[in-house]
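Contents: one structure, followed by commentary.
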Amino acid sequence: QVQLVESGGGLVQAGGSLRLSCAASGRTFMNLAMGWFRQAPGKEREFVAAIRWSGSNTYYADSVKGRFTISRDNAKNMVYLQMNSLKPEDTAIYYCGATKAFMSMTSRGYDYWGQGTQVTVSS
């Protein structure tokens with residue numbers, strides 16, 4: 001089992017920045033690929049970013065490419081999402097996920113989820 005706890009969400013003005021953190025415990029963290037997804041009201045959960053266990057490969061949704069950066073610290077069992085140049089359309093609940101697969105950009109590919117953290121971007 002893996003437990004994931006997100007933090008760092010909040011209210012920010014358009015153009016601002018936030019850094020989300022995801023703390024993992026339980027199963028060996030280094031063996032897991034990690035991802036961030038988000039879900040806005042009335043919409044399906046969508047992929048934001050993912051990172052392989054080694055941190056050597058990262059993947060981004062086109063909508064956040066160039067603005068968001070995913071990273072991980074395996075020594076601390078942490079994953080981060082640095083979000084810059086935030087837009088009102090980035091408003092959503094952000095979820096951290098862990099997968100035993102090589103990599104996945106679909107929510108069905110993830111085995112474990114956190115409870116989510118709210119990000120609200122005002123215009």
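The values are calculated or read from the model by the stated rules, or taken from the named source; none is laboratory data. Keep in mind that this is a model prediction, so the values were computed, not measured. Glycine gets a Cβ as well: all are built from the backbone with ideal geometry, and neighbour counts include every protein chain shown. All accessible areas refer to the heavy atoms of the entire protein, side chains included, with ligands and DNA or RNA removed. Shrake-Rupley method; radii C 1.70, N 1.55, O 1.52, S 1.80 Å.
Annotation for the stretch 94-103: no member residue is open to solvent by 30 Å² or more (accessible area, probe 1.4 Å) and of a type in the set (S, T, N, Q).
The residue that is surrounded by the most Cβ atoms within 10 Å (Cβ to Cβ), counting only those in the stretch 114-123 that are of a type outside the set (A, V, I, L, M) and closer than 18 Å to K43 by Cα, is T117. Can you spot a residue in the stretch 3-20 that is without any contact (Cβ under 8 Å) to a residue 24 or more places away in the chain and either out of contact with any Lys or Arg (no Cβ under 7 Å at 6 or more places or on another chain) or open to solvent by 10 Å² or more (accessible area, probe 1.4 Å) (or both)? Scanning the stretch 3-20, I find no residue that is without any contact (Cβ under 8 Å) to a residue 24 or more places away in the chain and either out of contact with any Lys or Arg (no Cβ under 7 Å at 6 or more places or on another chain) or open to solvent by 10 Å² or more (accessible area, probe 1.4 Å) (or both), so the answer is no.
Condition check ((1) modelled with pLDDT of 95 or more; (2) aromatic (F, W, Y); (3) touching a Cys at 6+ places or on another chain (Cβ under 7 Å); (4) closer than 17 Å to V2 by Cα) across all residues:
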residue: W53; (1), (2), (3), (4): no, yes, no, yes
residue: T58; (1), (2), (3), (4): yes, no, no, no
residue: T69; (1), (2), (3), (4): yes, no, no, no
residue: G114; (1), (2), (3), (4): yes, no, yes, yes
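Checked against the criterion of being without any contact (Cβ under 8 Å) to a residue 60 or more places away in the chain, in contact with a strand residue (DSSP E or B) (Cβ under 6 Å, 6 or more places away or on another chain), within 16 Å of L18 (Cβ to Cβ) and hydroxyl-bearing (S, T, Y), the stretch 79-99 has at least one qualifying residue. What's the total number of residues in the stretch 56-69 that are under 12 Å from A33 (Cα atoms) and either of a type outside the set (S, T, Y) or in contact with a Ser or Thr (Cβ under 7 Å, 6 or more places away or on another chain) (or both)? So the answer is 1. Selection over the stretch 43-53 of residues that are open to solvent by 40 Å² or more (accessible area, probe 1.4 Å) and in contact with a strand residue (DSSP E or B) (Cβ under 9 Å, 6 or more places away or on another chain) gives a count of 5. Taking the listed residues S71, S56, S25, the one that is surrounded by fewer than 19 Cβ atoms within 10 Å (Cβ to Cβ) and either touching a residue at least 60 places away in the same chain (Cβ under 8 Å) or assigned to a loop (DSSP other than H, G, I, E, B) (or both) is S56, with no other qualifying.
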